[in-house]
Amino acid sequence: MRSHAQAVVIGGGLVGCSILYHLAKLGWREVVLLERSELTSGSTWHAAANIHGLHDVTNISRIQHYTMGLYKELEAETGQGCGIFQPGSLYLAQTEAREHQLRIQAAKARRYGMNFHEVSRDEAERLHPLVDFDGIRCIMYEPDGGNVDPSGVTHAYAAGARAMGAEIHRFSPVTGTEPQADGTWIVRTDKGEIRTPWVINAAGLWAREVAAMAGITLPLMPTEHQYFVTETIPEIAGLGRRLPSVADRDGEYYLRQEGLGLLVGAYEKDMRFWAENGTPPGFGHELFADDLERIEPNMMRAIDRVPAVGAAGIKRVINGPMIWSPDSSALFGPVPELTGYFCCNGIIPGFSQSGGLGKLAAEWIIEGEPTLDMFGWDLARYDSWATPAFTKARVGDQYANRFKIHFPNEERSAGRPARVRPVYETQKTMGAVFGLNVGWEHPLYFDAATPDSYGFTRQPWWDAVGREARMLRDCVGLIDISNFAKYRVAGPGAEAWLESLFANRMPQAVGRSCLTPLIGKRGGIAGDFTVTRRGADEFWIFGSGMAERYHQRFFRAVPLPDGTTFASHTVDTCGFALAGPQARAALGRLTNADLGNAAFPFFRSAAITVAGVDCIALRVSFTGDLGWELYCAAADQPALYAALVDAARAEGGGPVGSRALMSLRLEKGYGSWGRDYSPEYWPQESGLAHLIRADKDFLNKDAWLAIKDRAPRDKMMLLEIEATTADASGSEPIFLKDGTPVGQVSSGAFGYAVGKSLALAYLKADRIRPGDDVTVAILGRDHKARVLEAAPFDPEGLRLRG
C-alpha cells in the first residue's frame, strides 16, 4: 500500500471504481481505492443494472448518454466483459402529462443528437409482442436502452484503473480520515496509512459512516427495494432475440428480459426504511426477506400490461438496500467547508450515470471544475437544515413516488416546514401559498383559494400570479426576499479582499453599489452579486440564496487579510423588495429619509429607519421597476412587514410572491444565477463582460484571460413565443424552421404586464440575431418564436431610474 497518493477513493462499488478509472484516465496514476470487503459489496452487486439515456435534466441526459457509450469502450480497452444488452427500451404514456414528458424528452434528443423517437403501435408490437398496448396514447423507443452486468462493469472499471497504475486494496476498511495542517489528509486503515490531498467518499451504503469520520453529516437514508425474476417464458424462449425493456412509469414498475424470463421491479407506496441510524459494518452481500405483498399492486399492473408475467412462476426475488438523498439525486462535489474532501453518494440509477459521474468527479478534482454545470446535484444544495427527520420524510416521498413526473415549479410537501421566518404565520393568514427554498418556506403567491397544482400546461394559479404581477406594474408590490444570501465584510482588508475575489471594481464611496460577476475555474459565471459600501471598511454583499454554500468554495479560496471579518447574515437578516411606480410614495409613508432621485439615486444604498425599524436600503429592483430592497434584523421582520403591507395597500398594491417576480424579471430580460447564469457560459455569452475589469487581479482571472477574446459560442437572448396553453420553463430546445438545433431555453414564464410568453435562451451566436424567427419545443412540439431586440418592459430603464 502506498504511503502517499494523489487521491484516495473510499468504496469499491460501481461509482468508486468509475472515479478511480477516470482519475487515472485524466492523468493521475498515483491513486488508491480502499474497499472494506469485496468489490461490488453493498448495493452494486444486486442492482437490476438498467441503462437509459434520457432524463428530465439536460445535463444528466448528457452524462447518461456518455455512460451508455462508455461500456463498450471499457470492454475493448480492458478485455473485461460488461454483460451489455442493448435491445432498446420502450417508454409508454398512459396519461396526457406522461405524453408531454416523453415528447419533451424526444425534442431534447433531437437537439442533442440522441436516439429517442416515437414509434407506432404496430412497430411497438413487433418490437415487444408480449405487451398489451391498449390504453397507451404515446410510445417512444430508445434503441440503445438495455442493461449491463453489475459485477462485469465494476471490474472493468477496476481493471482499466489498475492498467493505468492505480492501486485497489480489498478487505481494507478505513478506520479514520484526519485533516492535516497543510491541507492534506491522513487516511488510516489496519494495513497502514496514506497521506493524500484528496479523500473521495464513494462509500455507498456506508457514506454516512465514512463522512462522520471527517465530521460531516450527509442527508442520506437507506430503503429496501425489491424486484423479481420469472421462470422461463415459452414465448421468449421461442423468439430467438432479446426483447426491449419496458418503462411503464404510469404503472409504477419497470420490466426487462432476464435470461429467458422477465425481471419486474417496483417502487411501492408501502415502502420500508432500513438502517436509519447507521449501516451495519458487517453488512455486504446479504439480502432481506422477500415481501412481495408490498409490491402486489405494482405487480398486478405489470401483469395487466404483460400477461405473460402472471402466467410464469417466480424464479427468485431480490430485496436489497439502496441509499437515497432527499431529492433522489446524487450528493456530488467537494465539501465546501473542508479542503480536499469530495463526495459522490446517493446515486440511484448508477449504471446509467456511473461513467459520467466518474468523469465529472475527475475533472472537478484535477482541473478545479467539471465541464458541465452540476449545481442541481451539488451536495452544497443541502446544509444542516436538512435534518434526519426532513431527510427521512423526503426519501419516503421520493421512493414511493419514484415514477411520478417532476413538473416545472413543483413543490412537494414532505418534511415541511423545515425552517420558517418570523412572518411565516402572518403570511399564511394573508393567503400565502408556500414553496421551499434552501429549507425556507417562502410565498409563491397569495391566494389560498387557489391551491398549488402542477403540470406542463398553465395551472389555475397562473391567473393569481398574473394579478400580482400586474398590480406591481400598475401600483406597487411587496416581495419577501429574505432568502437572498446576505454577507458582511468588515475590517482594514475588506476592500482588498473583495477586489481579489470579484471581477468588477468595488465601489469607492460610501453608499455606492456595483454588480459583479464571480468567475469560475473555466472562465464562466460562477455567481453574480450586488456589493454595496456601507462604511470606509464595511461592505454588504447580496447574492443567490440557494448558492450560498456553493459560493463558500470561492470565498474560502481567497484568504482574509488580518483584522478582516467575513460573515453570513442570511439567517439573522430578513429582506423585502418594495417595487412599482408607487414604491416611492408607499415607502415615503414610513420614513423621513429623502427618497428623491437627487438624494437617493439608482444603485445607491443608505441606512434609513422605516416604521421605526433600522434598515439597509438599496435603490435596486430585480423586477426592473422603481424600487428599494430593505434589509432588517430578523427580530424586526414582523413589524416592518406589517407596516410595508399597509403602506402598499394604501397605494393600491399589496404582497407579491416569487412566481410573479420570476415573470417580472423576464419582462426586463434579467438573468438569474442557477437558471440563466452558469459556469458553463462565458461572460461575453451571458451579457456580463462589461462588468469585468481587466486592469485588476481577481479570482480565476487567468481562466478569464484564456477565453475573454474568444468569439461567443452561444449568446443569451430574449424570446417572445407564440404560446397559448403552456409557457417555456427551462431547457426547451430551440430550432430553425428547417429543424437545425440552435440552442435551448434557460428560463421562461408569461410576462403578464406585457402580454407575452417570454424566455431567456442561449442561441448559437454565429447563426442567430435579434429579429430572427426560431421555434421553441414547448411540450415537445414546435412553437413559433422571435428573438427580441430589446426587453418588452421599459427597455430604456426610465421606470427603474425614475
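The values are calculated or read from the model by the stated rules, or taken from the named source; none is laboratory data. The structure displayed is predicted, hence computed values, not measured ones. As a convention, Cβ positions derive from the backbone with ideal geometry for all residues, glycine included, and neighbour counts pool all protein chains shown. The protein model used for the area step is the full one, side chains on, heavy atoms only, and it has no ligands, DNA or RNA in it. Shrake-Rupley method; radii C 1.70, N 1.55, O 1.52, S 1.80 Å.
Taking all protein chains as present, what is the carbon and sulfur share of the accessible area of the chain, in % to the nearest whole number, probe 1.4 Å? Answer for the chain is 50 percent, counting heavy atoms of protein chains only. For the chain, the share of DSSP beta bridges that are antiparallel, to the nearest 5, is 85%. Relative to the longest principal axis of the Cα atoms of the chain, the long axis of helix 58-78 makes an angle of roughly 40 degrees.
Tell me the net charge near residue 283. Cut-off is 12 Å between Cβ atoms, residue 283 excluded, with +1 for each Lys or Arg and -1 for each Asp or Glu. Mind dumping the intermediate values first?
Working: positive: 36; negative: 209, 286.
Charge balance in the 12 Å sphere: -1.
Annotation: peptides 306-314, 36-44, 19-27, ranked by per-residue average of other Cβ atoms within 10 Å with the highest first, follow the order 19-27, 36-44, 306-314. Compute the distance from the alpha-carbon center of the stretch 424-461 to that of the stretch 17-81, in whole Å. That distance is 41 Å.
Taking label points 7 Å from Cα along the Cα-to-Cβ direction, residue 182 and residue 231 give a separation of 6.6 nm.
With a sphere of radius 10 Å drawn around the Cβ of residue 168, what net charge do the other residues whose Cβ falls strictly inside it have (Lys, Arg +1; Asp, Glu -1)? Walk me through the numbers before you get to the answer.
Details: positive: 162, 170; negative: 35, 167.
Residues close to residue 168 contribute a combined charge of 0.
The phi-based Karplus calculation (6.51 cos²θ - 1.76 cosθ + 1.60; θ = phi - 60°) puts the 3J(HN,Hα) values of the stretch 637-653 at 4, x, 5, 5, 5, 4, 5, 5, 4, 4, 5, 5, 5, 5, 9, x, x Hz, whole numbers, x for Gly and Pro.
Look at the Cα gyration tensor of the stretch 561-682: its axes a ≥ b ≥ c give a/c of at least 1.5 with a/b at or below b/c, and that counts as oblate.
Per-residue 3J(HN,Hα) values for the stretch 404-409, derived from phi via the Karplus relation 6.51 cos²θ - 1.76 cosθ + 1.60 with θ = phi - 60°, read 6, 5, 8, 7, x, 6 Hz in sequence order (x marks Gly and Pro). Here the Karplus curve 6.51 cos²θ - 1.76 cosθ + 1.60, taken at θ = phi - 60°, turns the phi angles of the stretch 139-148 into couplings of 10, 10, 10, 10, x, 8, x, x, 7, 10 Hz, with x standing for Gly and Pro. Mind running the shape call on the stretch 596-749? Use the C-alpha gyration tensor, a ≥ b ≥ c as the square roots of the eigenvalues: rounded below 1.5 for a/c, prolate if a/b tops b/c, oblate otherwise. Oblate is the answer for the stretch 596-749, as a/c is 1.5 or above yet b/c matches or exceeds a/b. The simple Förster model, with R0 at 56 Å and r as the Cβ-Cβ distance, assigns residue 273 and residue 562 a FRET efficiency of 0.70. Close amide H contacts of residue 545 (hydrogens built in the peptide plane, cut-off under 5 Å, sequence separation of 5 or more or a different chain): 485. Between the amide H of residue 526 and those of 518, 519, 520, distances stay under 5 Å, these residues lying 5 or more places away or on another chain, with hydrogens modeled in the peptide plane.
Between residue 367 and residue 781, the distance separating the two model label sites (each 7 Å from Cα on the Cα→Cβ line) works out to 4.0 nm.
So how do 96-103, 60-67 stack up, highest first, on mean other-Cβ count within 10 Å? Intermediate values should be presented prior to the final figure.
Details: 96-103: 20.1, 60-67: 22.9.
Most protected by this proxy first, the peptides run 60-67, 96-103.
In summary, the aspartates and glutamates within cross-link reach of residue 315, defined as a Cα separation below 12 angstrom excluding same-chain residues under 8 places away, comprise 231, 258.
For residue 138, the residues whose modelled amide H falls within less than 5 Å of its own, excluding neighbours fewer than 5 places apart on the same chain, are 93. Residue 494 sits among other residues whose Cβ lies under 11 Å from its own Cβ, and their net charge, with Lys and Arg +1 and Asp and Glu -1, is -1. Heavy-atom accessible surface of the stretch 368-430, averaged per residue, reaches 41 Å², computed with a 1.4 Å probe.
Could you work out how far the C-alpha centroid of the stretch 113-132 sits from that of the stretch 140-197, in angstrom? One Cα centre to the other: 39 Å. Its relative contact order, with pairs defined as Cα atoms under 8 Å and 6+ residues apart, puts the chain at 12 percent.
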